Amino acid sequence: MSRLDRGALRRSEVLAASAGALLLIALFLPWYGLTGEVEALASRFGVSTSANAWRAFGGTDLLLFLAAVAAIGLPLARAARWPLALRGPAGAPLAAVGALASLLVLARLVDPPAGGLAIKYGAILGLLSAAGILAGGIALLREEGVGLREALERWRTGPQGAAG
């Protein structure tokens, strides 16, 4: 069993992993909800007035969960010195996961699952967390001395161009 070397984690990896943990938490917080008189009436009858990501989405929730797990798992696997067969720089998958999660959350903010629902704090935390994963991935690429374009090329061409 390998031990976790906390000193092996870079700031960018800590950022991505922390943002991934926040995204996991955000999935359980209210993303959408009723407001005003409708909320008061629903509350009076014991009806839930908000929905978290698990209740509001039909598959996006699972993708966001996987993005959060990847954002936590990739840095921790590296800190545990597990052999990772990455095709390119380690920041590339974190940046890709963060970009995908950010786009998914943004799409759900622009197009909520039902009309008349207010956006709640869980959705905002979800967007900020997803952006944090993306920022961590981009920062890791910079620490590795690789630009986005070069990272994509390395992932496309395979292990011979791999670093990190």
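The values are calculated or read from the model by the stated rules, or taken from the named source; none is laboratory data. Model, not experiment: these values are computed from the prediction. Quick reminder, even Gly has a Cβ in these numbers, built from the backbone with ideal geometry, and neighbours come from all protein chains shown.
A few remarks follow.
- Meets criteria (touching a residue at least 40 places away in the same chain (Cβ under 8 Å) and in contact with an Asp or Glu (Cβ under 6 Å, 6 or more places away or on another chain)) for P89: yes
- Scanning the stretch 79-117 for residues that are on the phi > 0 side of the Ramachandran plot and at pLDDT 90 or above yields a count of 0.
- Selection of the stretch 1-13 for residues being crowded, with 17+ Cβ neighbours inside 10 Å and either in contact with an Asp or Glu (Cβ under 6 Å, 6 or more places away or on another chain) or modelled with pLDDT under 75 (or both) yields R10, S12.
- Among the residues of the stretch 53-73, the one identified as outside any helix (DSSP H, G or I) and surrounded by 15 or more Cβ atoms within 10 Å (Cβ to Cβ) is F57.
- Check on I138, more than 12 Å from L23 (Cβ to Cβ) and either in contact with a Phe, Trp or Tyr (Cβ under 9 Å, 6 or more places away or on another chain) or of a type in the set (F, W, Y) (or both): no
- Selection status of A123, assigned to a helix (DSSP H, G or I), closer than 17 Å to G73 by Cα and touching a residue at least 24 places away in the same chain (Cβ under 8 Å): no
- Residues in the stretch 144-164 that are modelled with pLDDT of 80 or more and crowded, with 16+ Cβ neighbours inside 10 Å were compared, and the one that is farthest from A21 (Cα to Cα) is E150.
- Yes/no for L76 being in a helix (DSSP H, G or I) and at pLDDT 85 or above: yes
- Scanning the stretch 69-103 for residues that are within 23 Å of L117 (Cβ to Cβ) and either in contact with a Gly (Cβ under 9 Å, 6 or more places away or on another chain) or polar (S, T, N, Q) (or both) gives A101, S102.
- Scanning the stretch 41-52 turns up no residue that is under 18 Å from L117 (Cβ atoms), modelled with pLDDT under 85, in a helix (DSSP H, G or I) and touching a Gly at 6+ places or on another chain (Cβ under 8 Å).
- Single match in A16, A21 (criterion: assigned to a helix (DSSP H, G or I), at pLDDT 80 or above, surrounded by fewer than 21 Cβ atoms within 10 Å (Cβ to Cβ) and out of contact with any strand residue (DSSP E or B) (no Cβ under 8 Å at 6 or more places or on another chain)): A21
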